[in-house]
Amino acid sequence: MSAVALAVAMVAWFDLFAFSKVVYMPRWAAFLPMPPFAGAVIAIPFLIPIAFFSHSLRAARLGILWTAALAPVPAMVVYALTPLHQHSGLPLNLLVQYSLLALIGCLLPGAVMLGFRMVVGRIKRS
């Protein structure tokens, strides 16, 4: 469910997640702690259930990886179908945008959440 919600957020605020020479930031995005990494900050609430409510750390890692692999796909489809982006550079653009969405939009905040889970787990054990 988190992957679906994150995919919807990526489609709705594609400019905040992807690389672009011109970024159209909504007014509320200026209040985020790290505007250049707005996508990663937005992804955190969607990744918290995967990182903290999975039955094991291994399951949480797999959940984050699957989310990083699948959540960007709807945004890439919308990107590819937009007439503005349909030109000879589309395949390379899709590869770059997918990589950025997966790495910065999912794996980076997911790694932070997994790190928090590991710290919390060690605190509970001590």
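Skip the ligands, DNA and RNA, and give the accessible area per residue of the chain with a 1.4 Å probe, whole Å². Before the final figure, lay out each step's value.
On the way: 7810 Å² over 126 residues.
Counting only protein heavy atoms, the per-residue value for the chain is 62 Å².
State the percentage of accessible surface on segment 1-102 attributable to carbon and sulfur atoms; use a 1.4 Å probe and exclude ligands, DNA and RNA. Each step should come with its number before you reach the end.
Details: 4620 of 6180 Å².
Answer for segment 1-102: carbon and sulfur cover 75 percent of the accessible area.
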What figure in square angstrom, to the nearest 10, would you give for the accessible area of residue 87 with a 1.4 Å probe? 90
Using a Debye calculation, one point per C-alpha and no hydration shell, please list log10 I(q)/I(0) for segment 60-126 at q = 0.23 Å⁻¹ in order. -0.92
³J(HN,Hα) computed for each position of segment 98-113 - Karplus, 6.51 cos²θ - 1.76 cosθ + 1.60, integer Hz, glycine/proline x: 4, 4, 5, 4, 6, 6, 7, x, 10, 5, 4, x, x, 5, 5, 5
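Would you mind getting the Kirkwood hydrodynamic radius of the chain from its Cα pairs, rounded to one decimal in Å? Before the final figure, lay out the partial values.
Values: mean 1/r = 0.0660 Å⁻¹.
Taking the inverse mean of 1/r over all distinct Cα pairs, the chain comes out at 15.1 Å.
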Which sequence of 16, 100 reflects their accessible areas, 1.4 Å probe, from the largest down? 100, 16
Quick check: pseudo-label points 7 Å beyond the Cα along Cα→Cβ at residue 66 and residue 78, how many nm apart are they? 2.3
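The values are calculated or read from the model by the stated rules, or taken from the named source; none is laboratory data. Note that this is a predicted model, so its numbers are computed, not measured. Note: ideal-geometry Cβ built from the backbone for every residue, glycine included; neighbour counts use all protein chains shown. Please note that ligands, DNA and RNA were not included when accessible areas were found on the heavy atoms of the full protein model with its side chains. Shrake-Rupley method; radii C 1.70, N 1.55, O 1.52, S 1.80 Å.
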